Ligand SMILES: NC(=O)c1ccc[n+]([C@@H]2O[C@H](COP(=O)([O-])OP(=O)(O)OC[C@H]3O[C@@H](n4cnc5c(N)ncnc54)[C@H](OP(=O)(O)O)[C@@H]3O)[C@@H](O)[C@H]2O)c1
């Protein structure tokens with residue numbers, strides 16, 4: 001049953017093609033991605049920080065936020081890709097001054113520290129830090145857990161898990177001081193999957209789920225005065241650099257993300273939201289079907 005539901009989720013939005021990538025963003029003032037006009041206005045004059053914003057889902061979220069009137073700090077390793085995000089947004093109608101480009105390598109602690117310093121000096125009141133940057137599995141072997149090198153394992157875990165943790169650890173006290181500590185981690189159904197060949201990516205996303213849940217608990221206790229909302233969004237498949245086999249537009253993530261980002265204070269903390277409505281929890285348990293004797 002779960003597999004069938006997952007298949008449905010992964011195949012949602014299939015008719016879209018890359019040529020229609022901006023179809024919904026072009027018409028944003030007509031549908032607001034399902035938000036009411038007053039909720040849509042929440043984004044105006046807020047600042048968001050997105051990692052991996054030079055491509056795929058990160059770029060789609062950056063486009064939405066800039067068109068909704070927010071200021072978007074965009075990070076990634078390749079400046080030209082970040083510049084392309086800005087150019088595309090401007091072509092869609094966003095103001096160029098709505099973007100702040102801060103290149104950063106999440107696997108490099110010095111780069112993370114420097115980027116955080118820049119962001120904090122701009123404004124501590126970041127409406128949400130969106131940890132979206134990630135690396136896919138190395139698919140060069142059908143058995144990556146047997147064949148991948150230690151270097152591959154470390155690079156993937158540094159990008160998909162340790163980088164987000166470093167960012168959150170550095171930013172959390174400053175954001176909390178400004179009154180609101182909201183973090184959104186972009187996870188994946190892979191974090192719940194047990195598939196041969198899924199390899200380190202699946203492990204890294206399962207660990208990111210755990211990090212999300214544990215940070216939600218710990219930050220709530222550490223910063224009782226702040227509006228703490230640490231959650232994850234679970235998008236299905238979309239065409240991006242890491243996934244060349246999908247016909248879905250990365251725009252599919254916008255509607256759910258927009259809702260999570262614009263919740264009222266005291267909103268969800270420690271939750272996992274899939275864009276197809278599937279209920280997901282950090283941990284699920286199956287009872288052992290046989291007797292242990
Ligand atoms: N596409 C899908 O089917 C799918 C499905 C489920 C979940 N997701 C999740 O969605 C998120 C976005 O992925 P995507 O599909 O949009 O793939 P993508 O186009 O490959 O985006 C990944 C981004 O991460 C950045 N990045 C990688 N390593 C980095 C590093 N060390 N430091 C800073 N940035 C780094 C990349 O930019 P640079 O190379 O310029 O640094 C790139 O912009 C990921 O968390 C992914 O796991 C994707």
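Using a 7 Å offset from the Cα along the Cα-to-Cβ direction at both residue 196 and residue 178, what is the distance between the two label points in nm, to one decimal?
Taking the two extended label points, one gets 4.9 nm.
Under a 10 Å cutoff between Cα atoms, tell me which one of 199, 93, 69 has the largest fluctuation in the Gaussian network model of the chain.
93
Just the Kirkwood number for the chain, please: inverse of mean 1/r across all distinct Cα pairs, in Å, one decimal.
On the way: mean 1/r = 0.0514 Å⁻¹.
Kirkwood radius, the chain: 19.5 Å.
Sequence gap at least 6, Cα distance under 8 Å: using those rules, report the relative contact order of segment 89-229 to the nearest whole percent. Provide the component values of the computation, followed by the final result.
Working: 172 pairs, mean separation 39.2, N = 141.
Relative CO of segment 89-229 lands at 28 percent.
Per Stokes-Einstein, at 25 °C and 0.890 mPa s, what whole-number D in µm² s⁻¹ belongs to segment 183-242, with the Kirkwood radius over Cα pairs as the hydrodynamic radius?
On the way: Rh = 12.7 Å.
It comes out at roughly 193 µm²/s.
Please work out the FRET efficiency for the pair residue 38 and residue 145, using the Cβ-Cβ distance as r and a Förster radius of 41 Å; give the result to the nearest 0.05. Provide the component values of the computation, followed by the final result.
On the way: r = 49 Å, r/R0 = 1.20.
Efficiency, rounded to the nearest 0.05: 0.25.
Counting only C-alpha contacts under 8 Å and six or more residues apart, can you give the relative contact order of segment 154-293 as a whole percent?
Values: 185 pairs, mean separation 32.7, N = 140.
That works out to 23 percent.
Would you order 64, 33 from fewest to most other beta-carbon atoms within 10 Å of each residue's own beta-carbon? The partial results should precede the final answer.
Numbers: 64 27, 33 19.
Fewest-to-most ranking of 64, 33: 33, 64.
Sort largest first and round to whole Å: the equivalent ellipsoid semi-axes of segment 236-293, each the square root of five times a Cα gyration tensor eigenvalue.
Details: eigenvalues 186, 94, 12 Å².
For segment 236-293, the ellipsoid semi-axes come out as 31, 22, 8 Å.
In whole angstrom, how far apart do the alpha carbon centroids of segment 40-90 and segment 165-204 sit?
So the two Cα centres are separated by 19 Å.
Can you list the residues of segment 136-151 with backbone N under 11 Å from a point 7 Å past the Cα of residue 245, pointing along Cα to Cβ?
139
Once you put a point 7 Å from the Cα of residue 87 and another 7 Å from the Cα of residue 218, both along the Cβ direction, what distance in nm separates them?
Calculated label separation equals 4.1 nm.
Hey, if you drop one equal point scatterer on each alpha-carbon of segment 65-131 and run the Debye formula without solvent, what base-10 log of I(q)/I(0) do you get at q = 0.20, 0.27, 0.28 Å⁻¹?
With one equal scatterer per Cα and no solvent, log10 I(q)/I(0) is -0.84, -1.27, -1.31.
Please grab the % of Cα pairs in segment 140-261 that end up more than 22 Å from each other.
Looking at segment 140-261, the distances longer than 22 Å represent 44 percent of pairs.
If each of residue 255 and residue 113 carries a label point 7 Å out from its Cα toward its Cβ, how far apart are those two points in nm?
It works out to 4.4 nm between the two label points.
In whole angstrom, how far apart do the alpha carbon centroids of segment 243-293 and segment 104-148 sit?
Here the two parts' Cα centres lie 20 Å apart.
Of all the C-alpha pairs in segment 70-211, what % are more than 19 Å from each other? Provide the component values of the computation, followed by the final result.
Values: 5739 of 10011 pairs.
It works out to 57 percent of all Cα pairs.
Over segment 2-280, what is the relative contact order in whole percent, taking alpha-carbon pairs under 8 Å and six or more residues apart?
Over segment 2-280, the number comes to 21 percent.
Read-outs throughout are calculated quantities, based only on the coordinates presented, and are distinct from any laboratory measurement. No experiment lies behind these values; they were computed from the predicted model shown. Methodologically, a virtual Cβ is constructed for each residue, glycine included, from the backbone with ideal geometry; neighbour enumeration extends over all protein chains shown.
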